[in-house]
């Protein structure tokens, strides 16, 4: 059985534990109750999370490895996404710990993305 999103996966999780469940989510599968933890999901449920607030510091660290000399990093976020503010808070905290300057740009349309890129220096 393959399930495409968090609500469907939670519903399918009630099925017998012999049914394999694979989910795709944009949230935190641990917080949402899909898996026990990220390293070892356990049971018959596993999947992929495309965005997790808990991964914000790791993502920033990886970006710094790719661009070690970057004085400033721009963070494009959608203000309509429910986890935007917790995600931004985590990135800001990680950036502060690393001594990295972050510029948060709130964008929710193609036009806003273009405008955001013009405000960032090359």
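A residue that is without any contact (Cβ under 8 Å) to a residue 24 or more places away in the chain, assigned to a helix (DSSP H, G or I) and buried (at least 16 other Cβ atoms within 10 Å of the Cβ) occurs nowhere in the stretch 16-34. Here residue 57 fulfils each of the conditions (1) touching a helix residue (DSSP H, G or I) at 6+ places or on another chain (Cβ under 7 Å); (2) on the phi < 0 side of the Ramachandran plot; (3) at pLDDT 85 or above apart from (3). If you go through the stretch 37-44 one residue at a time, do you hit one that is touching a residue at least 24 places away in the same chain (Cβ under 8 Å), touching a helix residue (DSSP H, G or I) at 6+ places or on another chain (Cβ under 9 Å) and within 24 Å of residue 120 (Cβ to Cβ)? Checking the stretch 37-44: not a single residue is touching a residue at least 24 places away in the same chain (Cβ under 8 Å), touching a helix residue (DSSP H, G or I) at 6+ places or on another chain (Cβ under 9 Å) and within 24 Å of residue 120 (Cβ to Cβ).
The values are calculated or read from the model by the stated rules, or taken from the named source; none is laboratory data. Not measured: the values here are computed from a predicted model. FYI the Cβ positions are ideal-geometry reconstructions off the backbone, even for glycines, and counts take in every protein chain you see.
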